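Colleague: One structure, as structure tokens, below. Some questions next.
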Amino acid sequence: MQMPSPNSILHEQAGFLRRHVFNTDHKVIGRQYFFLSLAAVLVGAWLSLLMRIHLVWPKAAIPFLGEIKPENYLAQLTMHGTLMVFFVLSTVPQAGFGTFFLPLQLGASKMAFPRLTAAGFWTALVSFLVLIAAFFVPGGAAGAGWTQYPPLSALASAGPGEGLGTDLWLVSIGLFCLASLMSAVGFVATTVRYRAPGMTWMRMPLTCWAWFVTSILILLAFSILLVALAMLMMDRHAGTSFFVPGGLLVSGKAVEHSGGSALLWQHLFWFFGHPEVYIAILPAMGVTSHLLSVFARKPVFGYKAMVGATLAIGALGFMVWGHHMFASGMNPYAGFAFSSLTTAIAVPSAIKTFNWVATLYGGRICYATPLLFSAGFVSLFITGGLTGPLLAQPALDVYLHDTYFVVAHFHLIMAMASLFAIFSATYFWFPKMFGRMMNERLGRLHFWITLLGAYATFMPMHLLGIAGHPRRYSDLTGVQYVSAMAPLQRFITLAAIVTIAGQVIFLVNLFWSMRRGPGADANPWQCSTLEWTLPSPAPAEGFGGRQPLVHHGPYEYGLLGAVEKDFVMQDAPATWSDNGPSE
Amino acid sequence: MSAALRVTLLLVLIGCVYLFLAQPYWFPAGASAQSSLFDHQFWIALWVLGGMFVAGHLVLAFVLSKKPRAAAIASRGSWQLEVTWTLAIVAIFFWFNISGERLWSSMMLHQQQAGEIQIEVTGAQFQWYFRYPGPDGVFGRTDAQKFAKADEGNPLGLDPSDPAGRDDVVTTAMIVPVGHLVQMRLRAQDVVHSLYIPAMRFKQDTVPGMAILSHFTPTKTGVYEIACAELCGIGHYRMRAVVRVVSEEEFARWLKAQVKNTSE
Amino acid sequence: MPIIGDRVEIERKPKLGGGGPGKIGHRRGYGGGDDGDHGRPGDFRSREQRMRRYRIGMTLCIISVTAIFVLLTVVYVVRMGNGRFDQDTRRWVYDWIPLRLPYLQLWANSLLLLLSSATLELARRSMARKEEFAAMGILPPRMKRDLPWLGITVLLGFCFLAGQVLVWNNLRHQGVFLASNPSRSLFYILTGTHAVHLVGGLFALLYAAAGRLLEARFESQSIVVEVTGWYWHYLGFLWFGIFALVHFAKG
Ligand code: HEA
Ligand code: HEA
Ligand code: CUA
Ligand SMILES: [Cu+2]
């Protein structure tokens, strides 16, 4: 580990408040986001464990919680989905690693709006606390699923969780929207204004491209969600009727509202929701492209195609929301358009996949933990992604919609794939974030368990869906053909328990390495991007006075004939570029 | 490490393929006109996408090999390749997509047919109700808020003052004659539900405030389960019903009997 | 302002030590060019730097605000177009009650907003004129042909808000409540959301206006005015958009 610079020593000496609360250092904020997500993912995983156990052993008494009742199951389900989608996948890959590494990779020492970025984190933290608080209010947390379809979510009388719990859910996600908007503004401004001299658009690492495009998606998608939430809130408390039609009779009582449309919410939510799922995957894709190139010691195959695909996914992401609504009673003619558009969006994703494979091809691959997880990402992305075009067919989807087939689809591609990218990014950037290396042995063990666990848990869910097992069933005994599937459900639960237990290895590795891990030198992975020109951990003042000048593309690896140093730092003297390999 | 990774990927591949070939759980036997079409389309999907899944993993396992290739290392991409595989994947995906669109239109868009059975399906927390118009072929007016009394045998809130409603038959099980097109009007009384009949390959959300028209044609007599497929509250998991597909004359007999004891 | 601004730039550059090297030759196949800014990224002192940065930030805010209002407009139009389907008569019931608008008040408010935009522009100019002095570290003298435009703008802004409140009260007295009909709800949401955004702008202007008391650097004041200007004019534009919507699309 290198000598910390005097500046960072000063920083260390600053008071707790200065360092953690009123701090505007993007590196600290990045770490804070990281730990926020870690907390969220632990709660989320714990909830999934409870859900799995309840499904197959309904009478099992959980320590401290006792037996789980159906309404608890629905609350856990909703919170599991919400935590994982918003506070893990929309937080750590983007706001976590992005806030930390975007400026560094662009050769800047701070974000464009440091205070705004900081404000974003604190808002996110508050929204997290509000969400968790919902567990402890009468009626428990919201129970209408993370999609919160009204009228169920609009009428307190419709279910136990639909009272205060749902209000807190709405407030929390509203705050989360604001937080994401704040951080996204900083991201775009930083990318546009703070690129070091010579860091042209086409010299940005693909991670930066991903963060940039994702931020734009956030700016559009989350402001839409914000409005939708406000409208739902007004339906609940101001007596408006945007989403609640007239003539309803809920639990024996007539509902006052009239004239709303339940489908309107579904349109608004999915107009946000689909871009949201790409917000969850784009940074993961960026990290994967980056790491595959680093560890295969090869330039990214088809850099421009990758950039193009990223932009295409971002643009198309706003035109496919209807594929979540094929069975909703939406005009069947809309089904045709959404089906084709959805198929279209699968194409850029496929292009990326091909490029990843081609990047690996013939590389001098170094099988470190980050590479393992990136390879795992590609595998899971293929597996989970390929069910997409299938679900994109209205004719097939109406049968599979809201069955475990969909659960399998999005756990493989969203839950597991993105999570694998998070893991690889953690193992990869840990030295730059904490100044130490993580343990390879434990890392590999964690990888094997998680990869096999992921497939063992989520692959069989396809069969449940094919056999017609609906989602969001808190109990298998209600429908006969569903209860017949108990054995497979039991297997899935066992697999899930193993997977979740395996995560303990990761946590041990993480915290042990923070304290005891071997110190990391500036560039342990032989990486060419600018963050690796800094000592590890990245000092508070960033590049300080030294302004990096960028002369090379981000992926100059595997130079022919090179023995010792087979790559070129982005800020290496320009002279090299004259006789270097050109396309 | 390389070997281990490749072997693991291949094991995963084999495991997944086995799962889909062994089919420990699979579609219930189809019992409607569209089920065979659906199953056929699904098999196409399975072959096309399953094929890609296998190919993808084989290629992945292959490229994760140990020995570097100098030629490959130098390459930064090749637009010829990009164009080739882009066109290839576009061709595959859209050929597949179009075949699906054809099926969708054949399923959704149909003309009125002679002898089709009218049924109004209503979802309510947590119970399905099926209403037959009776001899007059007209559904009586309903107003759940005014008249609905589940315990007094009027769960849908049939308006007593409407003569058309007198002979309406309301049941909690769907009885349909085999071979007739069943024309349904789907409604919901409180929140969104979803009428899901796996054996008929049928699913349609029932949305409060809407009357969604949908249909299927049972082709095999028997009893098939109906589940609710849209989260509708605590009882979502037990919102079950059955559809009894019976012969024409049995259906006629049943309906007559029902009408008699409703009009009394 | 530009000329002055630029000269200031030139004078101050040496002191900054900013200005990286000129454009760097890129290798073939790497496309693109620099975005033309060779200043030091971390640099917070150069006015131009900050200005560019805040302009981008503001553009982004405007983008997402646009998203919001486009969405609301779509909802308004769609909701107006399709009524509720009555299950029993099996006919569409159009329950959209056209709005009755207090045009006099609305026009008055529009006028106020228009004026405020104008005065804000004047404020920006007078500040730009003073920029030169500020750049040289002299407390800018008050030019006699300048009115306190900023203060006036803030005042007009508040009048507009007050006017909107009056409109809402007026409607309420006519029995037009938020909940009484979709057209009502959407009218209140549109105008309300607009008002909320306007309040944001007002705070920014207040900060700039109170700048002297808060000893804020003149430079930051003028930047705030400049950038908030964009936002303010945009909100004015939005207001007329909303007005046009509720006028032409009554249903
Ligand atoms: C990260 C999140 C993520 C991503 C990336 C995707 C990607 C895709 N999704 Fe998915 N999706 C979700 C998250 C995601 N989805 C979630 C959360 C839901 C459920 C929401 C809910 O109801 O709760 C959902 C639901 C969902 C539905 C609705 C299902 C239903 O509820 O009825 C549909 C339907 O069209 C769909 C389609 C697609 C498609 C076409 C893609 C495409 O982008 C996929 C593209 C990828 C590929 C096509 C693979 C490429 C690989 C190859 C081509 C292999 C070939 C390679 C070689 C041979 C070397 N998704
Ligand atoms: C990121 C998204 C994500 C993730 C990771 C998971 C992880 C898991 N989920 Fe799920 N899940 C959803 C998103 C996710 N889920 C969503 C959106 C729904 C739909 C909700 C709804 O219907 O409304 C859902 C629903 C859902 C269901 C459907 C319930 C039903 O419909 O009745 C089930 C059932 O088995 C389930 C199980 C699991 C299991 C066993 C895991 C296990 O894989 C958990 C194992 C945990 C991990 C592998 C994570 C460990 C990570 C770390 C320890 C650190 C990483 C973080 C940092 C480094 C900062 N989830
Ligand atoms: Cu009814 Cu779920
Ligand atoms: Cu989607």
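Colleague: Is it the case that some residue within the range A:273-289 is of a type in the set (A, V, I, L, M, F, W, C), over 23 Å from A:F410 (Cβ atoms) and more than 16 Å from ligand 3 (Cβ to nearest atom)? Please lay out each step first, then the result.
Modeller: We begin by selecting, within the range A:273-289, every residue of a type in the set (A, V, I, L, M, F, W, C); these are A:277, A:279-282, A:284-285, A:287.
Adding the requirement that they be over 23 Å from A:F410 (Cβ atoms) leaves none.
No, the range A:273-289 contains no residue that is of a type in the set (A, V, I, L, M, F, W, C), over 23 Å from A:F410 (Cβ atoms) and more than 16 Å from ligand 3 (Cβ to nearest atom).
Colleague: Could I ask something else about it? Quick one: would you say A:H411 is within 8 Å of ligand 1 (Cβ to nearest atom) and either more than 9 Å from every other protein chain (Cβ to nearest Cβ) or in contact with a Leu (Cβ under 9 Å, 6 or more places away or on another chain) (or both)?
Modeller: Working: within 8 Å of ligand 1 (Cβ to nearest atom): no; either more than 9 Å from every other protein chain (Cβ to nearest Cβ) or in contact with a Leu (Cβ under 9 Å, 6 or more places away or on another chain) (or both): yes.
Against the criterion (within 8 Å of ligand 1 (Cβ to nearest atom) and either more than 9 Å from every other protein chain (Cβ to nearest Cβ) or in contact with a Leu (Cβ under 9 Å, 6 or more places away or on another chain) (or both)), A:H411 does not qualify.
Colleague: A further question on this structure: Of all residues in the range B:208-238, which are more than 7 Å from every other protein chain (Cβ to nearest Cβ), assigned to a loop (DSSP other than H, G, I, E, B) and crowded, with 18+ Cβ neighbours inside 10 Å?
Modeller: B:T217
Colleague: In this structure, does A:L412 turn out to be part of a helix (DSSP H, G or I) and crowded, with 21+ Cβ neighbours inside 10 Å?
Modeller: Criteria met by A:L412.
Colleague: Only one of (1) within 16 Å of ligand 2 (Cβ to nearest atom); (2) farther than 18 Å from A:V277 by Cβ fails for A:H409. Which number is that?
Modeller: Looking at each condition in turn, A:H409 falls short on (2).
Colleague: Tell me, please, whether a residue that is within 11 Å of ligand 1 (Cβ to nearest atom) and modelled with pLDDT of 90 or more can be found in the range A:291-302. Write out each step before concluding.
Modeller: Going through the range A:291-302, the residues within 11 Å of ligand 1 (Cβ to nearest atom) turn out to be none.
Among the residues of the range A:291-302, not one is within 11 Å of ligand 1 (Cβ to nearest atom) and modelled with pLDDT of 90 or more, which makes the answer no.
Colleague: May I ask you to say which residue of A:T369, A:T359 is crowded, with 23+ Cβ neighbours inside 10 Å and away from ligand 2 (no atom under 16 Å from the Cβ)?
Modeller: Every option except A:T359 fails the conditions.
Colleague: Quick one: would you say A:G335 is within 16 Å of ligand 4 (Cβ to nearest atom) and closer than 21 Å to B:A91 by Cα? Show your work before the answer.
Modeller: Details: within 16 Å of ligand 4 (Cβ to nearest atom): yes; closer than 21 Å to B:A91 by Cα: yes.
When the stated conditions are applied, A:G335 passes them.
Colleague: Being buried (at least 22 other Cβ atoms within 10 Å of the Cβ) and more than 30 Å from A:F242 (Cβ to Cβ) is the requirement here; does A:P150 meet it? Working first, answer last.
Modeller: On the way: buried (at least 22 other Cβ atoms within 10 Å of the Cβ): yes; more than 30 Å from A:F242 (Cβ to Cβ): no.
Against the criterion (buried (at least 22 other Cβ atoms within 10 Å of the Cβ) and more than 30 Å from A:F242 (Cβ to Cβ)), A:P150 does not qualify.
Colleague: I need every pair where a residue in the range B:144-157 that is within 8 Å of another protein chain (Cβ to nearest Cβ) has its Cβ under 9 Å from the Cβ of a residue that is assigned to a loop (DSSP other than H, G, I, E, B) and polar (S, T, N, Q), sequence separation at least 6 or different chains.
Modeller: Matching pairs, first to second residue: B:A144/B:Q189; B:A148/B:Q189; B:G157/B:Q189.
Colleague: Additional query: Among (1) modelled with pLDDT of 85 or more; (2) touching a helix residue (DSSP H, G or I) at 6+ places or on another chain (Cβ under 9 Å); (3) surrounded by fewer than 17 Cβ atoms within 10 Å (Cβ to Cβ), where does C:P141 come up short?
Modeller: It fails just one condition, (1).
Colleague: Which numbered condition in (1) crowded, with 24+ Cβ neighbours inside 10 Å; (2) β-branched (V, I, T); (3) in contact (Cβ under 8 Å) with a residue 60 or more places away in the chain is the only one that A:I53 fails?
Modeller: Against the list (1) crowded, with 24+ Cβ neighbours inside 10 Å; (2) β-branched (V, I, T); (3) in contact (Cβ under 8 Å) with a residue 60 or more places away in the chain, A:I53 comes up short only on (1).
Colleague: Same structure, new question: May I ask you to list pairs of residues, at least six apart or on different chains, whose Cβ atoms are under 8 Å apart, with the first in the range B:63-74 being charged (D, E, K, R) and the second being in a loop (DSSP other than H, G, I, E, B)?
Modeller: Cβ pairs passing all conditions: B:K66/A:I365; B:R69/A:Y361; B:R69/A:G362.
Colleague: While we're looking at this one, here's another question. Please specify each residue of the range A:383-392 satisfying the condition of being in contact (Cβ under 8 Å) with a residue 24 or more places away in the chain and either within 8 Å of ligand 1 (Cβ to nearest atom) or surrounded by fewer than 24 Cβ atoms within 10 Å (Cβ to Cβ) (or both).
Modeller: Restricting attention to the range A:383-392, the residues satisfying the condition of being in contact (Cβ under 8 Å) with a residue 24 or more places away in the chain are A:383-385, A:387-389, A:391-392.
Across the range A:383-392, the qualifying residues are A:G384, A:G385, A:T387, A:G388, A:P389, A:L391, A:A392.
Colleague: Separate question: Please verify whether the range A:392-400 includes one or more residues that are touching a Pro at 6+ places or on another chain (Cβ under 8 Å), part of a helix (DSSP H, G or I), among the aromatic types (F, W, Y) and facing chain B (nearest Cβ under 7 Å). Spell out the reasoning first.
Modeller: Start the filter on the range A:392-400 by keeping residues that are touching a Pro at 6+ places or on another chain (Cβ under 8 Å), which leaves A:394, A:399.
Now drop any that are not part of a helix (DSSP H, G or I), which leaves A:394, A:399.
Then drop every residue that is not among the aromatic types (F, W, Y), which leaves A:399.
Applying the additional criterion that residues be facing chain B (nearest Cβ under 7 Å) yields A:399.
The answer is yes, given that some residue of the range A:392-400 is touching a Pro at 6+ places or on another chain (Cβ under 8 Å), part of a helix (DSSP H, G or I), among the aromatic types (F, W, Y) and facing chain B (nearest Cβ under 7 Å).
Colleague: Name the one entry in A:A134, A:A118 that is away from ligand 2 (no atom under 16 Å from the Cβ) and assigned to a helix (DSSP H, G or I). Step through it out loud before you land on a result.
Modeller: Details: A:A134 fails: away from ligand 2 (no atom under 16 Å from the Cβ).
The unique qualifying residue is A:A118.
Colleague: Away from every other protein chain (no Cβ under 13 Å), buried (at least 24 other Cβ atoms within 10 Å of the Cβ) and more than 24 Å from A:V287 (Cβ to Cβ) - does that describe any residue in the range A:88-104?
Modeller: Taking every residue of the range A:88-104 in turn, none turns out to be away from every other protein chain (no Cβ under 13 Å), buried (at least 24 other Cβ atoms within 10 Å of the Cβ) and more than 24 Å from A:V287 (Cβ to Cβ).
Colleague: Same structure again: When you scan the range A:307-339, how many residues do you find that are assigned to a helix (DSSP H, G or I), more than 20 Å from A:E276 (Cα to Cα) and more than 9 Å from chain B (Cβ to nearest Cβ)? Don't jump to the end; show me each part of the working.
Modeller: We begin by selecting, within the range A:307-339, every residue assigned to a helix (DSSP H, G or I); these are A:307-319, A:321-324, A:332-339.
Then keep just the ones that are more than 20 Å from A:E276 (Cα to Cα); that gives A:332-337.
When the remaining residues are screened for being more than 9 Å from chain B (Cβ to nearest Cβ), the result is A:334, A:337.
Summing the residues that are assigned to a helix (DSSP H, G or I), more than 20 Å from A:E276 (Cα to Cα) and more than 9 Å from chain B (Cβ to nearest Cβ) in the range A:307-339 gives 2.
Colleague: Let me ask something else. Check whether at least one residue in the range A:460-472 is within 8 Å of chain B (Cβ to nearest Cβ), more than 30 Å from B:A199 (Cα to Cα) and in a helix (DSSP H, G or I), and report yes or no.
Modeller: Checked against the condition, which is being within 8 Å of chain B (Cβ to nearest Cβ), more than 30 Å from B:A199 (Cα to Cα) and in a helix (DSSP H, G or I), the range A:460-472 yields no hits at all.
Colleague: Next question, about the same structure. So in the range A:416-432, with the set limited to residues that are touching a helix residue (DSSP H, G or I) at 6+ places or on another chain (Cβ under 6 Å) and hydrophobic (A, V, I, L, M, F, W, C), which one is farthest from ligand 1 (Cβ to nearest atom)?
Modeller: Per the stated criteria, the residue is A:F428.
Colleague: Going through the range A:247-265 one residue at a time, which ones are over 39 Å from the mean Cα position of the chain (by Cα) and touching a residue at least 60 places away in the same chain (Cβ under 8 Å)?
Modeller: Listed by number, the list holds a single entry, A:K253.
Colleague: Suppose we keep only residues that are touching a residue at least 40 places away in the same chain (Cβ under 8 Å) and closer than 17 Å to A:L386 by Cα within the range B:1-25. Which one would you say is farthest from the chain's Cα centre (by Cα)?
Modeller: Per the criteria, the residue is B:L9.
Colleague: In the list A:V406, A:V378, which residue meets the criterion of being within 14 Å of ligand 4 (Cβ to nearest atom), in a helix (DSSP H, G or I) and modelled with pLDDT of 95 or more?
Modeller: On the way: A:V378 fails: within 14 Å of ligand 4 (Cβ to nearest atom).
Matching residue, one of A:V406, A:V378: A:V406.
Colleague: Moving on. Mind checking whether some residue in the range A:481-492 is hydroxyl-bearing (S, T, Y), surrounded by 23 or more Cβ atoms within 10 Å (Cβ to Cβ) and out of contact with any Lys or Arg (no Cβ under 9 Å at 6 or more places or on another chain)?
Modeller: Within the range A:481-492, the first condition is being hydroxyl-bearing (S, T, Y), and the residues that meet it are A:481, A:483.
Then keep just the ones that are surrounded by 23 or more Cβ atoms within 10 Å (Cβ to Cβ); that gives none.
Checking the range A:481-492: not a single residue is hydroxyl-bearing (S, T, Y), surrounded by 23 or more Cβ atoms within 10 Å (Cβ to Cβ) and out of contact with any Lys or Arg (no Cβ under 9 Å at 6 or more places or on another chain).
Colleague: Which helices (runs of 4 or more DSSP H) does the range A:473-583 wholly contain that include 1 or more residues that are in contact with a Leu (Cβ under 9 Å, 6 or more places away or on another chain) and either more than 14 Å from every other protein chain (Cβ to nearest Cβ) or modelled with pLDDT under 85 (or both)? Steps first, please.
Modeller: On the way: elements: A:480-483, A:486-516, A:575-579.
Passing ranges, in order: A:486-516.
Colleague: Looking at A:A144, A:A156, A:A133, A:A118, which is the one that is within 21 Å of the chain's Cα centre (by Cα) and either crowded, with 20+ Cβ neighbours inside 10 Å or more than 8 Å from every other protein chain (Cβ to nearest Cβ) (or both)?
Modeller: Values: A:A144 fails: within 21 Å of the chain's Cα centre (by Cα); A:A156 fails: within 21 Å of the chain's Cα centre (by Cα); A:A133 fails: within 21 Å of the chain's Cα centre (by Cα).
Residue meeting the stated conditions: A:A118.
Colleague: Of the residues in the range B:26-62, how many are more than 30 Å from A:T353 (Cα to Cα), in contact (Cβ under 8 Å) with a residue 12 or more places away in the chain and more than 7 Å from chain A (Cβ to nearest Cβ)?
Modeller: The qualifying residues number 8.
Colleague: Could we say that B:T172 is in contact (Cβ under 8 Å) with a residue 12 or more places away in the chain and more than 12 Å from chain A (Cβ to nearest Cβ) here?
Modeller: Details: in contact (Cβ under 8 Å) with a residue 12 or more places away in the chain: yes; more than 12 Å from chain A (Cβ to nearest Cβ): yes.
Answer is yes for this residue.
Colleague: With the checklist (1) over 30 Å from A:L264 (Cβ atoms); (2) within 16 Å of ligand 2 (Cβ to nearest atom) in hand, flag the one item B:G134 doesn't pass.
Modeller: Every listed condition holds for B:G134 apart from (2).
The values are calculated or read from the model by the stated rules, or taken from the named source; none is laboratory data. Since the structure is predicted, the reported quantities are computational estimates derived from the model, not experimental observations. We place every Cβ from the backbone using ideal geometry, glycine too, and count neighbours over all the protein chains shown.
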